[in-house]
Every structure is written in C-alpha cells, then in structure tokens.
Amino acid sequence: MQNLKKLMAMMLMLLSVFFIACDDDESTELTTDEVKTELTSLNTDMSTYLEEMANSDGMKAMEILMNMPTPFTDGKTTSSSVIPNIKNFLLPLKPEKIKSVSSNHFYFEDWIGTYTWDIEHQMWVPEFGVPTDKIIIHFPTEGSTTNDATITIHDYNEIEITEYDDEYQEYYRDYYPTAILADLYVNSVKFIEIDVDATWITTGDNAGEPSSLDLSVYLTPFTFTGNFDHTSAAANIDFAIKYNDESIFSAGVNATFENDDMEFPLTIGGYIQLLNVKIEANADIAGIETVFANETYTTADEISDAINEEIDAVVYIDGAKVADIIIEFATTAGQYSIPIEIEDNIYIYINIQFKYTDGTIEPAAPYFEGFVTDIENFISFLDDSY
C-alpha cells in the first residue's frame, strides 16, 4: 500500500468508524428535514461534477493524443512515458490506471522542437530545435480537419525506478516524473495547464512512493491542487478541487507515526469535505489502542466513554454544525453495525448515529455511503497515480 494512499485511508477509517462530535460548536438553523435533504443529495451532486470532469474537452483532447502514435520515436523506441504521465496527473478522481510503457528514459532536451501531425499522410512531421527551449505538438481534435489543438511541454523530467512485482516475481522499470510544466490549447483557448514538482523514494520497500509532491492542474472549468510531504515519522497531505471558484472537494490530513514506514500511526487529524458538507476530526490512535487493550473496561458503555476521550470530530454544512455524531457500542450486531474484534472470535459492534438539533437520533450510515464511496474513489486515484 502506498504511503499517500495509506494516509488517506487512515483518515477515512477515522471518519467512517470513530465519528465523535464536539459539543461546543455553534449549531445551524437548518431543520432536521433540511439537513437530511442536504446529505441525501450529496452523492448525486458530486457524481455530476465527476462525470463532467471526465468528459471535459481538455480530457477528450488528451485522449485523442494518447491514442495517436507517439511523436517521440527514433526508429527503435516506439513509445515514451511523457504523454501518459501528463495525462495521469490530470484527472483527480476515477482515472484509468496508466503505467509507463516506455523501455527507455525520456530525455526532455533531446526532443525539444515542434511536432505537427500530417493529416493527409497520417504521420508526424518534426522540426527539431525549433523553438530551442520547449516541445510543441500540433494535432487535430475529434472531427477536425485541421490541427486545432496544441500541447506545449515547457519542462519535463523523470527518474527511473526499479521495482519488484510480487505477482510475477520479477523486477521491472517504471518512470516517475519529478517535474512537469505543460499546457494545452484548442483554437487558442486554454483547456489544460499542469505544474508538478515531486520527489520519489527510489530504493527499499517503499520505492516508487512520493516523499514530496506539489501539484497544480487546471482542467477547464476545474482547478486541482495538492501537496504531500513525508519526513521521518510525520506526514501531511492537502488536496482541493474547485469548479470555477466553488470548492467541490478538499482534504487535509496530518499524522505522526512510530517510525518512518508509516505502519503504526500515533495521531491523525484533519478534514474531508465534499461540496458543502465537511467533517473535521482528530484522534489519538495510540490512546484508542490503549483503551482496547485495557482489561479494566468491562462493558460497552465503558469502552465508548473511554474512546470518546481520545477523539474529537464534527460535521458541518455551509460552515455550521448540523448534528452531533455519537458512537454506541453493543454486544450484538445491528443493521449498520461495524464489527470490531477485541479477542479471537469475540466482537463488539459500533453503531454510528446522527443526533440532530431537535434531539432526533438515527443511523448515520445511509447518508454517508455515497460520501465514503467518493472518498474511496479519491483514494484509488492516489493509489493508481502516485
């Protein structure tokens, strides 16, 4: 499991299992029915944005370029990692998993020049060294009889990392970008701009995982920014997606660990937001583990009270708290219970409840199924791309 994905997965665990809300936040004036409506529509609204992102004109143009012969060939090398790596960083949710298919390192300086698609003869016409500092590619979009699209690669660098495939029991080479600066225009209108600066772990069990990442992507009308830092036994991550100027997704997570392999978290804190629904949480993971290991807690209520001391979390809509989320432990399973094995084949069950401002209590799980699905899609993106 990659470290970036691991950090997000732990935050998801925190938010989907240990929802304990603070009691001293200002509550919203929304009625219980209005809160339910907002939560119910969350997944539908988010899915609409994701579909628009995947089907944007910029992504369609990149798909066309991906399916064309590579302009970078010397007669022996028939493919390169540069175009797949650019596309791989564009779509922050639900991307196709793209592995570099090049058998050779892509050296940016060797390919500087202009590459124009000859529509009549279905081939690239290169002009090497013109201009002298970038790569320009002219190509047609779907249905066009002219080269109406231009992608300019202002900078690109990558490193080769050798990794071991457990399934096939063999080593393979892959190419990870350390710098990308590129843009794409169609009929003189900017559709894409991407800026990536990354460092990667090159040896050991964590080879191929990022140690730092700064990312900025414009995919009209979406903007995606992100950064990740992993130093010693601490890590933090921040990502955000905007539709025009409206935030539709954001996440910020920080964590500390027993050591730099990120296997055993000590603390986790941060937030995850979809559209106008935001969850903030902080947890002392080491303290929670101590609770479960403490044999003096003999009832479900005692365990619940002890864990409540280790976690703070709250849910907001439009910046105001809409409900407390309370946790209940039980010895028998309910419809939405989450089982926790405390000894071999001995379980207790967690029930997560919404407590609205009018005192109404109901299971939280039905409302958060869509929320968690979208977060899991984001985690899959991190796993596939980084």
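Points worth noting:
- Among residues of segment 109-151, those that are under 36 Å from the mean Cα position of the chain (by Cα) and free of Cβ contacts under 8 Å to residues at least 12 places away in the same chain, counted: 4
- Just so you know, in segment 47-69 the residues that are of a type in the set (A, V, I, L, M, F, W, C) and in contact with a Phe, Trp or Tyr (Cβ under 8 Å, 6 or more places away or on another chain) include one that is nearest to residue 221 (Cα to Cα), and it is 53.
- Candidate set: segment 191-211, residues that are open to solvent by 10 Å² or more (accessible area, probe 1.4 Å) and closer than 30 Å to residue 148 by Cα; chosen: the one farthest from the chain's Cα centre (by Cα): 191
- Within segment 290-336, the set of residues being in a loop (DSSP other than H, G, I, E, B) and touching a helix residue (DSSP H, G or I) at 6+ places or on another chain (Cβ under 9 Å) comprises 294, 296, 297, 309, 310, 318, 331, 335, 336.
- Criterion (basic (Lys, Arg), surrounded by 12 or more Cβ atoms within 10 Å (Cβ to Cβ) and modelled with pLDDT of 85 or more) met by exactly one of 87, 36, 134: 134
- Of the criteria (1) modelled with pLDDT under 85; (2) within 16 Å of the chain's Cα centre (by Cα); (3) among the charged types (D, E, K, R), which one residue 214 fails: (1)
- Residue in segment 307-328 that is farthest from residue 268 (Cα to Cα), counting only those that are modelled with pLDDT under 75 and surrounded by fewer than 19 Cβ atoms within 10 Å (Cβ to Cβ): 328
- Checking 197, 238, 183 one by one, the residue that is within 23 Å of residue 104 (Cα to Cα), in a strand (DSSP E or B) and of a type outside the set (A, V, I, L, M, F, W, C) is 197 and no other.
- Residues in segment 281-295 that are modelled with pLDDT under 80 and not small (Gly, Ala, Ser) were compared, and the one that is farthest from residue 233 (Cα to Cα) is 295.
- Pick from segment 236-254, criterion of a type outside the set (Val, Ile, Thr) and in contact with a Lys or Arg (Cβ under 9 Å, 6 or more places away or on another chain), ranking: nearest to residue 311 (Cα to Cα): 250
- For segment 161-179, the count of residues that are open to solvent by less than 70 Å² (accessible area, probe 1.4 Å), farther than 30 Å from residue 141 by Cβ and small (Gly, Ala, Ser) is zero.
- Yes/no for residue 243 being touching a Pro at 6+ places or on another chain (Cβ under 9 Å) and in contact (Cβ under 8 Å) with a residue 60 or more places away in the chain: yes
- Count - residues of segment 112-146 that are assigned to a strand (DSSP E or B) and touching a Gly at 6+ places or on another chain (Cβ under 7 Å): 5
- Filtered residues of segment 216-228 (kept if touching a Leu at 6+ places or on another chain (Cβ under 8 Å) and open to solvent by 40 Å² or more (accessible area, probe 1.4 Å)): 225, 227
- Some residue of segment 254-263 being under 19 Å from residue 283 (Cα atoms), open to solvent by less than 60 Å² (accessible area, probe 1.4 Å), outside any strand (DSSP E or B) and without any contact (Cβ under 8 Å) to a residue 40 or more places away in the chain: yes
- Scanning segment 337-368 for residues being under 18 Å from residue 36 (Cα atoms), assigned to a loop (DSSP other than H, G, I, E, B) and among the polar types (S, T, N, Q) gives a total of 2.
- Single condition residue 188 does not satisfy, out of (1) in contact with a His (Cβ under 8 Å, 6 or more places away or on another chain); (2) small (Gly, Ala, Ser); (3) surrounded by fewer than 17 Cβ atoms within 10 Å (Cβ to Cβ): (1)
- Residues in segment 269-284 that are over 11 Å from residue 313 (Cα atoms) and out of contact with any helix residue (DSSP H, G or I) (no Cβ under 8 Å at 6 or more places or on another chain): 273, 284.
The values are calculated or read from the model by the stated rules, or taken from the named source; none is laboratory data. Computed from a predicted structure; not experimentally measured. Glycine gets a Cβ as well: all are built from the backbone with ideal geometry, and neighbour counts include every protein chain shown. Surface accessibility is based on the protein's heavy atoms, side chains included, excluding ligands, DNA and RNA. Shrake-Rupley method; radii C 1.70, N 1.55, O 1.52, S 1.80 Å.
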